[in-house]
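Worksheet for the structure shown next.
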Amino acid sequence: CWDVIDFHPLDMENGHGAELTRALSDAGFWLQSYFCFGNWFLKLEGRTFDAYQRRLPPALRNTIMRKEKQLEAAFGARISITTGEVGLESALCAYEGVHAASWKAAEPYPAFIPELAQVLARRGWLRLGVLYVGNEPAAAQLSGVAHAMAFEITWHVMRSAEHGQTLEDGCRADWQPT
């Protein structure tokens, strides 16, 4: 006999979540729902990233600029964003190096991310950002943009052995929907 059956994530607004809840309740199960994660998004309504950023409160814009300068000054950092097939092989090498050095487990299907990135690149949807410290990749984010909607697939940040700091503070890849 089970003490707990945990269904997560379970979308209660779409799909079969409400039906499952009703069926379990009808069968006499005691149910307790809880917040697991959110899916937050911003409707761009045709705005570019620059237009979005201009509408941010001045204090937030200043914080972003200050953090970018700190990141560059402290680590000699630069961001490279690959959007197509040109440079994809080296960007994927950097991505995989960051993933291997991060706290995340190894990919169970090692060919999946490279093949997904290639498909996204061929369609013009790829946004593969790599943060370099000097010439070494230190953080990576795989995202995409399709039909005016941006989506994050995965990101990795590794600890800088040289500086003993996590590079996550002040790190951002900035790209615009097409």
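The figures follow:
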quantity	calculated
Condition met for Arg123 (charged (D, E, K, R), modelled with pLDDT of 90 or more and on the phi < 0 side of the Ramachandran plot)	yes
Test: residue in the range 104-112 that is touching a residue at least 60 places away in the same chain (Cβ under 8 Å) and closer than 17 Å to His156 by Cβ	no
Within the range 12-87, helices (runs of 4 or more DSSP H) holding 2 or more residues that are open to solvent by 70 Å² or more (accessible area, probe 1.4 Å) and in contact (Cβ under 8 Å) with a residue 40 or more places away in the chain	58-75
Residues satisfying the stated conditions in the range 106-142, i.e. closer than 18 Å to Gln70 by Cα and open to solvent by less than 40 Å² (accessible area, probe 1.4 Å)	Val130, Leu131, Tyr132, Val133, Gly134, Pro137, Ala138, Ala139
Any hit, the range 117-133, residues being among the hydrophobic types (A, V, I, L, M, F, W, C) and free of Cβ contacts under 8 Å to residues at least 24 places away in the same chain	yes
Among residues of the range 92-108, those that are touching a helix residue (DSSP H, G or I) at 6+ places or on another chain (Cβ under 7 Å) and more than 17 Å from Ala121 (Cα to Cα), counted	1
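The values are calculated or read from the model by the stated rules, or taken from the named source; none is laboratory data. Because the structure is a prediction, the values reported are computed rather than measured. Heads up, the Cβs are rebuilt from the backbone with ideal geometry, glycines too, and the neighbour counts pull from every protein chain shown. We work out accessible area using only protein heavy atoms, side chains counted, and drop any ligands, DNA or RNA first. Shrake-Rupley method; radii C 1.70, N 1.55, O 1.52, S 1.80 Å.
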